[in-house]
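Undergrad: Here it is: the structure, laid out below.
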Amino acid sequence: MPNVVKSAALMVICLIASIGAARAADIVIGIPSWSSANATAHVIKEVLEKRLNLEVTLKTATNEEIFAGMDEGTIHVHPEVWLPNQMTLHNKYVIRRKSVIMSEKAVPAEQGICVTRHTAETENIRRIEDLADPQKARVFDTNGDGRGELWVGDGDWASTSIERIRAESYGHARTMQLLEAEEVVAMAAIDAAVAVDRPIAFYCYAPHHVFSLHEIVFLEEPPHDPRAWNIVNPADDPQWLTKSSAAVAWATSFLHVTYASNLIDTQPAAARLLSAIKLDVDTVSAMTYAIVVDGVAPADFAKQWVAANSDRIDEWMAAK
(Lines give C-alpha, C1' and ligand atoms only; values in the text may rest on other atoms or scores of the structure.)
Protein backbone atom coordinates (compact mmCIF):
# COMPACT_ATOMS: atom_id res chain seq x y z
CA MET A 1 0.00 0.00 0.00
CA PRO A 2 2.72 2.53 0.80
CA ASN A 3 4.26 1.94 -2.62
CA VAL A 4 0.90 2.45 -4.28
CA VAL A 5 0.43 5.70 -2.37
CA LYS A 6 3.90 6.83 -3.36
CA SER A 7 3.21 5.99 -6.98
CA ALA A 8 -0.08 7.86 -6.94
CA ALA A 9 1.57 10.86 -5.31
CA LEU A 10 4.32 10.80 -7.89
CA MET A 11 1.76 10.71 -10.70
CA VAL A 12 -0.03 13.73 -9.22
CA ILE A 13 3.25 15.64 -8.94
CA CYS A 14 4.14 14.79 -12.53
CA LEU A 15 0.68 15.83 -13.71
CA ILE A 16 0.93 19.17 -11.89
CA ALA A 17 4.41 19.73 -13.32
CA SER A 18 3.25 18.92 -16.84
CA ILE A 19 0.32 21.30 -16.52
CA GLY A 20 2.64 24.03 -15.26
CA ALA A 21 5.06 23.43 -18.12
CA ALA A 22 2.26 23.58 -20.67
CA ARG A 23 0.97 26.79 -19.11
CA ALA A 24 4.46 28.31 -19.13
CA ALA A 25 4.70 27.61 -22.85
CA ASP A 26 1.98 30.10 -23.83
CA ILE A 27 4.66 32.36 -25.29
CA VAL A 28 8.45 32.11 -25.21
CA ILE A 29 10.50 35.23 -25.88
CA GLY A 30 14.07 34.85 -27.02
CA ILE A 31 16.71 37.18 -25.63
CA PRO A 32 19.83 37.80 -27.74
CA SER A 33 23.05 39.04 -26.17
CA TRP A 34 22.71 42.82 -26.04
CA SER A 35 21.26 45.09 -23.40
CA SER A 36 18.44 46.84 -25.27
CA ALA A 37 16.98 43.52 -26.42
CA ASN A 38 17.03 42.30 -22.82
CA ALA A 39 15.13 45.38 -21.70
CA THR A 40 12.58 45.14 -24.52
CA ALA A 41 12.04 41.42 -23.92
CA HIS A 42 11.15 41.99 -20.27
CA VAL A 43 8.78 44.84 -21.14
CA ILE A 44 6.99 42.69 -23.75
CA LYS A 45 6.74 39.85 -21.24
CA GLU A 46 5.18 42.13 -18.64
CA VAL A 47 2.67 43.56 -21.12
CA LEU A 48 1.59 40.13 -22.39
CA GLU A 49 1.15 38.83 -18.87
CA LYS A 50 -0.65 41.86 -17.44
CA ARG A 51 -2.86 42.74 -20.40
CA LEU A 52 -3.55 39.31 -21.93
CA ASN A 53 -3.18 37.07 -18.87
CA LEU A 54 -0.62 34.87 -20.61
CA GLU A 55 2.21 32.95 -19.05
CA VAL A 56 5.41 34.09 -20.72
CA THR A 57 8.90 32.69 -20.36
CA LEU A 58 12.25 34.10 -21.47
CA LYS A 59 14.98 32.12 -23.18
CA THR A 60 18.52 33.34 -23.81
CA ALA A 61 19.64 32.37 -27.33
CA THR A 62 21.53 33.55 -30.38
CA ASN A 63 19.77 35.27 -33.27
CA GLU A 64 20.04 32.07 -35.32
CA GLU A 65 18.53 30.01 -32.51
CA ILE A 66 15.66 32.45 -31.99
CA PHE A 67 14.73 32.52 -35.68
CA ALA A 68 14.97 28.73 -35.92
CA GLY A 69 12.84 28.48 -32.76
CA MET A 70 10.18 30.78 -34.23
CA ASP A 71 10.20 28.60 -37.34
CA GLU A 72 9.81 25.41 -35.26
CA GLY A 73 7.36 26.81 -32.70
CA THR A 74 9.64 26.49 -29.65
CA ILE A 75 10.23 30.26 -29.45
CA HIS A 76 7.61 32.82 -30.39
CA VAL A 77 9.14 36.30 -30.20
CA HIS A 78 12.38 38.06 -31.05
CA PRO A 79 12.17 41.41 -29.21
CA GLU A 80 14.65 43.38 -31.33
CA VAL A 81 15.71 42.32 -34.82
CA TRP A 82 18.26 44.67 -36.36
CA LEU A 83 18.10 45.24 -40.08
CA PRO A 84 20.17 45.12 -42.23
CA ASN A 85 22.25 43.05 -39.75
CA GLN A 86 19.86 40.10 -39.71
CA MET A 87 18.86 40.34 -43.36
CA THR A 88 19.97 36.78 -44.11
CA LEU A 89 17.73 35.38 -41.37
CA HIS A 90 14.96 37.80 -42.31
CA ASN A 91 15.05 36.68 -45.94
CA LYS A 92 15.05 32.99 -44.99
CA TYR A 93 12.28 32.97 -42.40
CA VAL A 94 10.17 36.07 -43.12
CA ILE A 95 10.38 36.25 -46.90
CA ARG A 96 10.86 32.67 -48.07
CA ARG A 97 9.49 30.39 -45.34
CA LYS A 98 6.91 32.91 -44.08
CA SER A 99 7.09 31.28 -40.65
CA VAL A 100 8.08 34.58 -39.03
CA ILE A 101 6.41 37.99 -39.18
CA MET A 102 8.26 41.28 -38.81
CA SER A 103 6.31 44.15 -37.27
CA GLU A 104 6.14 47.18 -39.55
CA LYS A 105 6.74 49.43 -36.54
CA ALA A 106 10.44 50.21 -36.30
CA VAL A 107 12.93 52.18 -34.25
CA PRO A 108 15.58 53.96 -36.36
CA ALA A 109 19.15 53.14 -35.38
CA GLU A 110 22.73 54.01 -36.25
CA GLN A 111 25.87 51.86 -36.40
CA GLY A 112 29.55 52.45 -37.00
CA ILE A 113 32.89 52.90 -35.28
CA CYS A 114 33.12 55.35 -32.39
CA VAL A 115 35.80 57.07 -30.37
CA THR A 116 35.52 59.28 -27.33
CA ARG A 117 35.35 62.99 -28.06
CA HIS A 118 38.62 63.36 -26.14
CA THR A 119 40.25 60.89 -28.57
CA ALA A 120 38.90 62.73 -31.62
CA GLU A 121 40.09 66.11 -30.40
CA THR A 122 43.47 65.27 -28.87
CA GLU A 123 44.59 62.70 -31.46
CA ASN A 124 42.85 64.25 -34.49
CA ILE A 125 41.11 60.98 -35.27
CA ARG A 126 37.79 61.89 -36.85
CA ARG A 127 37.42 59.68 -39.94
CA ILE A 128 37.31 55.90 -40.13
CA GLU A 129 40.15 56.04 -42.66
CA ASP A 130 42.37 57.41 -39.86
CA LEU A 131 42.40 53.94 -38.32
CA ALA A 132 44.28 52.63 -41.35
CA ASP A 133 47.10 55.11 -40.70
CA PRO A 134 49.73 53.11 -38.76
CA GLN A 135 50.82 56.17 -36.77
CA LYS A 136 47.29 57.05 -35.71
CA ALA A 137 46.35 53.42 -35.08
CA ARG A 138 49.31 53.13 -32.70
CA VAL A 139 47.64 55.45 -30.18
CA PHE A 140 45.15 52.64 -29.50
CA ASP A 141 47.93 50.12 -28.76
CA THR A 142 47.73 48.86 -25.17
CA ASN A 143 49.88 45.73 -25.42
CA GLY A 144 52.95 47.11 -27.17
CA ASP A 145 52.68 45.15 -30.42
CA GLY A 146 52.52 48.31 -32.54
CA ARG A 147 48.89 47.82 -33.56
CA GLY A 148 45.85 49.37 -31.97
CA GLU A 149 42.94 47.38 -30.56
CA LEU A 150 39.39 47.71 -31.82
CA TRP A 151 36.36 45.92 -30.36
CA VAL A 152 34.21 44.89 -33.32
CA GLY A 153 31.39 43.23 -31.35
CA ASP A 154 30.20 40.02 -29.76
CA GLY A 155 31.03 36.86 -31.66
CA ASP A 156 27.32 36.01 -31.93
CA TRP A 157 26.36 39.27 -33.65
CA ALA A 158 25.92 39.54 -37.41
CA SER A 159 27.35 43.06 -37.21
CA THR A 160 30.66 41.62 -36.02
CA SER A 161 31.39 39.79 -39.26
CA ILE A 162 30.31 42.90 -41.19
CA GLU A 163 32.73 45.03 -39.16
CA ARG A 164 35.49 42.57 -40.06
CA ILE A 165 34.58 43.03 -43.73
CA ARG A 166 34.60 46.80 -43.31
CA ALA A 167 37.98 46.65 -41.58
CA GLU A 168 39.43 44.76 -44.57
CA SER A 169 37.83 47.19 -47.02
CA TYR A 170 38.96 50.34 -45.21
CA GLY A 171 42.40 48.90 -44.42
CA HIS A 172 42.41 49.04 -40.63
CA ALA A 173 42.39 45.25 -40.38
CA ARG A 174 46.15 45.58 -40.98
CA THR A 175 46.75 48.31 -38.41
CA MET A 176 44.27 47.34 -35.67
CA GLN A 177 43.78 44.08 -33.80
CA LEU A 178 40.09 43.24 -34.16
CA LEU A 179 38.71 42.03 -30.85
CA GLU A 180 35.55 40.03 -30.24
CA ALA A 181 34.11 39.93 -26.72
CA GLU A 182 30.82 40.13 -24.86
CA GLU A 183 29.38 43.61 -24.73
CA VAL A 184 29.74 43.89 -20.96
CA VAL A 185 33.51 43.41 -21.33
CA ALA A 186 33.72 46.10 -24.00
CA MET A 187 31.67 48.56 -21.98
CA ALA A 188 33.95 48.05 -18.98
CA ALA A 189 36.95 48.78 -21.21
CA ILE A 190 35.32 52.00 -22.43
CA ASP A 191 34.59 53.09 -18.86
CA ALA A 192 38.22 52.42 -17.89
CA ALA A 193 39.61 54.30 -20.91
CA VAL A 194 37.40 57.32 -20.26
CA ALA A 195 38.44 57.41 -16.61
CA VAL A 196 42.12 57.95 -17.55
CA ASP A 197 41.60 59.78 -20.88
CA ARG A 198 43.12 56.88 -22.82
CA PRO A 199 42.27 56.77 -26.55
CA ILE A 200 39.81 54.03 -27.46
CA ALA A 201 37.93 53.01 -30.61
CA PHE A 202 35.07 50.52 -30.77
CA TYR A 203 32.01 49.33 -32.68
CA CYS A 204 29.01 51.33 -31.52
CA TYR A 205 25.30 51.48 -32.12
CA ALA A 206 22.49 53.77 -31.09
CA PRO A 207 20.14 53.66 -29.29
CA HIS A 208 22.56 52.69 -26.51
CA HIS A 209 23.16 53.87 -22.97
CA VAL A 210 26.88 54.51 -23.61
CA PHE A 211 25.96 57.80 -25.33
CA SER A 212 24.35 58.98 -22.10
CA LEU A 213 27.33 57.93 -20.01
CA HIS A 214 30.21 59.36 -22.03
CA GLU A 215 30.95 61.84 -24.79
CA ILE A 216 31.09 59.51 -27.77
CA VAL A 217 31.29 60.39 -31.45
CA PHE A 218 30.92 58.34 -34.61
CA LEU A 219 33.90 58.41 -36.97
CA GLU A 220 33.06 60.06 -40.27
CA GLU A 221 32.60 57.76 -43.28
CA PRO A 222 31.62 57.94 -46.94
CA PRO A 223 27.81 57.80 -47.14
CA HIS A 224 26.17 54.44 -47.61
CA ASP A 225 26.08 53.23 -51.20
CA PRO A 226 24.27 49.92 -51.76
CA ARG A 227 26.40 49.31 -54.85
CA ALA A 228 29.51 49.27 -52.65
CA TRP A 229 27.93 47.15 -49.91
CA ASN A 230 28.71 43.55 -50.86
CA ILE A 231 28.22 41.30 -47.84
CA VAL A 232 28.60 37.52 -48.01
CA ASN A 233 27.20 35.62 -45.02
CA PRO A 234 29.87 33.48 -43.25
CA ALA A 235 27.37 30.62 -43.04
CA ASP A 236 26.98 30.62 -46.82
CA ASP A 237 30.60 30.63 -47.95
CA PRO A 238 33.89 29.83 -46.17
CA GLN A 239 35.53 32.52 -48.33
CA TRP A 240 33.05 35.16 -47.13
CA LEU A 241 35.71 37.62 -45.98
CA THR A 242 37.67 37.74 -49.22
CA LYS A 243 34.51 37.82 -51.33
CA SER A 244 32.95 40.73 -49.43
CA SER A 245 33.57 44.47 -49.50
CA ALA A 246 32.02 47.45 -47.72
CA ALA A 247 34.11 50.63 -47.62
CA VAL A 248 31.07 52.82 -46.93
CA ALA A 249 28.92 53.65 -43.92
CA TRP A 250 26.14 51.41 -42.74
CA ALA A 251 22.71 52.14 -44.14
CA THR A 252 20.22 53.59 -41.68
CA SER A 253 19.26 50.65 -39.51
CA PHE A 254 15.95 49.72 -37.93
CA LEU A 255 14.86 47.63 -34.94
CA HIS A 256 11.76 45.47 -35.28
CA VAL A 257 9.73 43.23 -33.00
CA THR A 258 9.43 39.91 -34.83
CA TYR A 259 7.25 36.92 -33.98
CA ALA A 260 6.24 33.45 -35.13
CA SER A 261 3.45 33.56 -37.70
CA ASN A 262 1.60 30.71 -35.99
CA LEU A 263 0.70 33.12 -33.17
CA ILE A 264 -1.94 34.54 -35.50
CA ASP A 265 -3.84 31.26 -34.99
CA THR A 266 -2.72 30.20 -31.50
CA GLN A 267 -2.57 33.60 -29.77
CA PRO A 268 -4.26 36.14 -32.09
CA ALA A 269 -4.51 38.87 -29.43
CA ALA A 270 -0.80 38.54 -28.71
CA ALA A 271 0.02 38.69 -32.42
CA ARG A 272 -2.00 41.90 -32.81
CA LEU A 273 -0.29 43.42 -29.78
CA LEU A 274 3.20 42.47 -30.98
CA SER A 275 2.49 44.08 -34.35
CA ALA A 276 1.35 47.28 -32.62
CA ILE A 277 4.26 47.81 -30.22
CA LYS A 278 5.90 51.11 -31.07
CA LEU A 279 9.00 52.36 -29.28
CA ASP A 280 11.45 55.16 -30.06
CA VAL A 281 15.15 55.90 -29.69
CA ASP A 282 14.82 57.82 -26.42
CA THR A 283 12.64 55.13 -24.86
CA VAL A 284 14.99 52.29 -25.76
CA SER A 285 18.01 54.27 -24.55
CA ALA A 286 16.29 55.05 -21.24
CA MET A 287 15.35 51.40 -20.79
CA THR A 288 18.92 50.18 -21.22
CA TYR A 289 20.30 52.96 -19.04
CA ALA A 290 17.99 51.96 -16.18
CA ILE A 291 18.98 48.31 -16.40
CA VAL A 292 22.70 48.59 -17.15
CA VAL A 293 23.74 51.83 -15.44
CA ASP A 294 21.22 52.23 -12.62
CA GLY A 295 21.29 48.49 -11.99
CA VAL A 296 17.53 47.98 -11.85
CA ALA A 297 16.66 44.31 -12.28
CA PRO A 298 15.08 43.86 -15.75
CA ALA A 299 11.90 42.30 -14.36
CA ASP A 300 11.49 45.10 -11.80
CA PHE A 301 12.13 47.77 -14.44
CA ALA A 302 9.55 46.20 -16.76
CA LYS A 303 6.91 46.30 -14.02
CA GLN A 304 7.69 49.97 -13.34
CA TRP A 305 7.72 50.92 -17.00
CA VAL A 306 4.44 49.16 -17.82
CA ALA A 307 2.73 50.76 -14.81
CA ALA A 308 3.96 54.20 -15.85
CA ASN A 309 3.05 53.85 -19.55
CA SER A 310 -0.51 52.56 -19.45
CA ASP A 311 -1.73 55.13 -22.01
CA ARG A 312 0.87 54.03 -24.54
CA ILE A 313 0.01 50.38 -23.96
CA ASP A 314 -3.69 51.19 -24.33
CA GLU A 315 -2.87 52.49 -27.82
CA TRP A 316 -1.08 49.23 -28.65
CA MET A 317 -4.04 47.21 -27.36
CA ALA A 318 -6.52 49.26 -29.42
CA ALA A 319 -4.60 48.89 -32.69
CA LYS A 320 -6.22 46.74 -35.35
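The values are calculated or read from the model by the stated rules, or taken from the named source; none is laboratory data. For clarity, every value in this text was computed on a predicted model and none was experimentally measured. Here the Cβ positions follow ideal geometry from the backbone for every residue, glycine too, while neighbour counts run over all protein chains shown.
Undergrad: State all residues of the range 71-88 that are farther than 21 Å from ASP236 by Cα and part of a helix (DSSP H, G or I); if no residue qualifies, say none.
TA: GLU72
Undergrad: In this structure, is ALA246 touching a Phe, Trp or Tyr at 6+ places or on another chain (Cβ under 8 Å) and surrounded by fewer than 19 Cβ atoms within 10 Å (Cβ to Cβ)?
TA: So ALA246 fails the test.
Undergrad: So, one more: Exactly one of (1) of a type outside the set (A, V, I, L, M); (2) surrounded by fewer than 18 Cβ atoms within 10 Å (Cβ to Cβ); (3) in contact with an Asp or Glu (Cβ under 9 Å, 6 or more places away or on another chain) is unmet by TYR93. Its number?
TA: TYR93 satisfies every listed condition except (2).
Undergrad: Scanning for something within 26 Å of GLU121 (Cβ to Cβ) and either of a type outside the set (Ser, Thr, Tyr) or touching a residue at least 40 places away in the same chain (Cβ under 8 Å) (or both), does the range 156-166 turn up at least one residue?
TA: Yes, the range 156-166 has at least one match.
Undergrad: Now for a different question. Considering only residues that are in a strand (DSSP E or B) and of a type in the set (Phe, Trp, Tyr), which ones fall in the range 168-208?
TA: Passing the criteria: PHE202, TYR203, TYR205.
Undergrad: Now a separate question. Would you point out which residue out of LYS92, LYS98, LYS105 is out of contact with any strand residue (DSSP E or B) (no Cβ under 8 Å at 6 or more places or on another chain) and closer than 18 Å to SER275 by Cβ?
TA: Result: LYS98 is the single residue among LYS92, LYS98, LYS105 that is out of contact with any strand residue (DSSP E or B) (no Cβ under 8 Å at 6 or more places or on another chain) and closer than 18 Å to SER275 by Cβ.
Undergrad: Take the range 106-136 and flag every residue that is crowded, with 18+ Cβ neighbours inside 10 Å and either without any contact (Cβ under 8 Å) to a residue 24 or more places away in the chain or among the basic types (Lys, Arg) (or both).
TA: LYS136, the sole residue that qualifies.
Undergrad: A follow-up question, please. Name the residues in the range 267-282 that are of a type in the set (Val, Ile, Thr) and at pLDDT below 95, would you?
TA: VAL281
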